[in-house]
């Protein structure tokens, strides 16, 4: 994991970007690549995993790509919209951080063995605060 972090940090610097870390709710690192000068700019997220995967649920979604968008909606609104659009054909999973549902994850399907998810951030997620205060730049 250290070698991977060093390689990502070097490549990010070459593109005038940085690598940041956010402490997760399960003690695994969450890495974000980007520039937080404008907190609204897109970032690339990486969730490094090493060793044997003990949690069976993780095995169901690894490997995966997720597209994550902020919204001003509460989880219940996202749930209603999801059911209206997908008519129950997609499972909506609430993602909880620090006691709040901060995202709703919709599994979209599998392409060449890679799970594709749509993540919709709820109003409980404060992206500006996360990026300005909670992200730690990796040197």
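Here, each number is a calculation from the coordinates, and none is a lab measurement. The model shown is predicted, which means the values in this text are computed figures rather than measured ones. We place every Cβ from the backbone using ideal geometry, glycine too, and count neighbours over all the protein chains shown.
Structure values in brief
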read-out: The chain: calculated mean residue ellipticity at 222 nm from DSSP helix runs of at least 4, using -39500 (n - 2.57); value: -6500 deg cm²/dmol
read-out: Extension gain (nm, one decimal) between residue 44 and residue 74, 0.36 nm per residue minus Cα-Cα; value: 8.4 nm
read-out: Net length gained if the chain between residue 21 and residue 124 were fully extended (0.36 nm per residue, minus Cα distance); value: 35.1 nm
read-out: Highest-MSF residue in the chain out of 116, 81, 53 [GNM, Cα springs under 10 Å]; value: 53
read-out: Förster radius 22 Å - calculated FRET efficiency between residue 85 and residue 116, Cβ distance, rounded to 0.05; value: 0.85
read-out: Tilt relative to the chain, helix 2-14 - C-alpha long axis, 0 to 90 degrees, to 10; value: 80
read-out: Residue 53 versus residue 2: modelled label distance in nm, points set 7 Å from Cα along the beta carbon direction; value: 2.6
read-out: Among (i) 133; (ii) 163; (iii) 266, the entry derived from the coordinates for volume of the Cα convex hull per residue in Å³; value: (i)
read-out: R0 of 22 Å, Cβ-Cβ distance residue 65-residue 93: FRET efficiency to nearest 0.05; value: 0.90
read-out: Highest-first arrangement of 6-14, 106-114, where packing means the average Cβ count within 10 Å; value: 6-14, 106-114
read-out: Choice from 70, 119, 98 with maximal GNM fluctuation in the chain (Cα, 10 Å cutoff); value: 98
